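Have a look at the structure below, then the notes.
The values are calculated or read from the model by the stated rules, or taken from the named source; none is laboratory data. What you are looking at is a predicted structure, and each value in this text was computed from that prediction instead of being measured. FYI the Cβ positions are ideal-geometry reconstructions off the backbone, even for glycines, and counts take in every protein chain you see.
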Amino acid sequence: MICSAKSDIGMKRNVNQDSYILKTFSEKTALCVVCDGMGGAKGGEEASKIASRTFVDSVSEFLTPYVGTSDKSIHVSAIRENLIESVEKANMAVYSYAKSHSSLKGMGTTLVAALIIGNSVFCINVGDSRMYFIKGSKIRQITKDHSYVQYLIDIGQLTEKEAESFPSRNVITRAVGTEPTVTPECFRENAADGTFVLLCSDGLTNFVKNDEIRTIIAKDSKNIDQIALGVRVNKLIDTANKNGGADNITAAVIKI
């Protein structure tokens with residue numbers, strides 16, 4: 001397993017409200033979270049940092065005793081329960097911080113995270129930051145956006161193509177920290193060896209098409225190493241900036 005991640009302020013913003021943490025526990029176990037903050041420059045920046053840090057601390061505390069043991073020693077249900085609990089802790093941490101700082105009222109953040117154990121990928125998300133699987137000629141979005149635009153797609157009032165230019169496409173319907181409780185989606189996927197797992201904020205997906213993301217990450221990837229993966233992550237960021245870069249951009253890639 002090799003990993004690389006980067007966050008960039010973009011071409012238009014004065015503050016980077018994105019935050020990520022990428023942590024490896026062993027050769028076959030890694031944890032990554034990407035958050036995209038909202039609620040004013042200071043609020044969004046604080047929200048994403050608090051959420052990512054709280055989430056990773058909680059998952060790490062749960063996971064550390066199992067490092068070095070068989071993958072089968074951790075029950076799937078226990079992992080799922082911990083991931084949900086960790087998002088709930090992150091939610092309360094952001095919500096409580098905002099309540100004690102009146103200038104930050106209403107701040108919140110998206111959150112998408114992957115806990116990779118061998119070929120099992122446990123995903124949890126709130127908001128419209130995304131996770132993709134990329135392998136060979138295929139790219140597949142694993143998460144489903146919690147957004148107004150996705151709701152309109154689901155009820156048949158908007159097509160995927162129309163959604164690309166819809167005026168309210170950045171309005172999310174769930175966030176971490178804006179309310180005292182949160183409802184994340186959590187599920188498990190299996191990924192074959194050689195699969196790239198991409199976690200990213202919408203600063204990437206709004207400015208780089210899926211096919212281009214796939215080409216940048218997966219082309220000639222048979223013998224890719226850590227340095228080469230970092231180059232590809234940098235190229236994702238550079239491409240988003242060349243295409244407008246109107247938002248903060250974060251991309252984290254783990255190759256299984």
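Data overview
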quantity: Answer residue from the range 112-130, given it is surrounded by 21 or more Cβ atoms within 10 Å (Cβ to Cβ) and of a type in the set (Gly, Ala, Ser) and is farthest from residue 67 (Cα to Cα) among those; calculated: 127
quantity: Selected residue (only one of 185, 164 is over 30 Å from residue 50 (Cβ atoms), surrounded by fewer than 20 Cβ atoms within 10 Å (Cβ to Cβ) and of a type in the set (Asp, Glu)); calculated: 164
quantity: Condition broken by residue 211, with the remaining ones in (1) at pLDDT 95 or above; (2) surrounded by 14 or more Cβ atoms within 10 Å (Cβ to Cβ); (3) touching a strand residue (DSSP E or B) at 6+ places or on another chain (Cβ under 8 Å) satisfied; calculated: (2)
quantity: When residues of the range 201-223 are limited to those that are among the hydroxyl-bearing types (Ser, Thr, Tyr) and in contact (Cβ under 8 Å) with a residue 60 or more places away in the chain, the one nearest to residue 44 (Cα to Cα); calculated: 201
quantity: Pair list, Cβ under 8 Å, 6 or more apart: the range 132-147 residue within 16 Å of residue 236 (Cβ to Cβ), other residue modelled with pLDDT of 95 or more and part of a loop (DSSP other than H, G, I, E, B); calculated: 132/142; 133/142; 133/191; 133/195; 134/195
quantity: Residues being touching a helix residue (DSSP H, G or I) at 6+ places or on another chain (Cβ under 7 Å) and either farther than 28 Å from residue 85 by Cβ or of a type in the set (D, E, K, R) (or both) - total across the range 197-212; calculated: 5
quantity: Qualifying position, being among the polar types (S, T, N, Q), outside any strand (DSSP E or B), over 15 Å from residue 124 (Cβ atoms) and out of contact with any Leu (no Cβ under 8 Å at 6 or more places or on another chain), among 58, 103, 77; calculated: 103
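Table: residues versus (1) surrounded by fewer than 22 Cβ atoms within 10 Å (Cβ to Cβ); (2) modelled with pLDDT of 95 or more; (3) within 24 Å of residue 190 (Cβ to Cβ).
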| position | (1), (2), (3) |
| --- | --- |
| 6 | yes, yes, no |
| 14 | yes, no, no |
| 26 | yes, no, yes |
| 37 | no, yes, no |
| 49 | yes, yes, no |
| 84 | yes, yes, yes |
| 87 | no, yes, yes |
| 91 | no, yes, no |
| 95 | yes, yes, no |
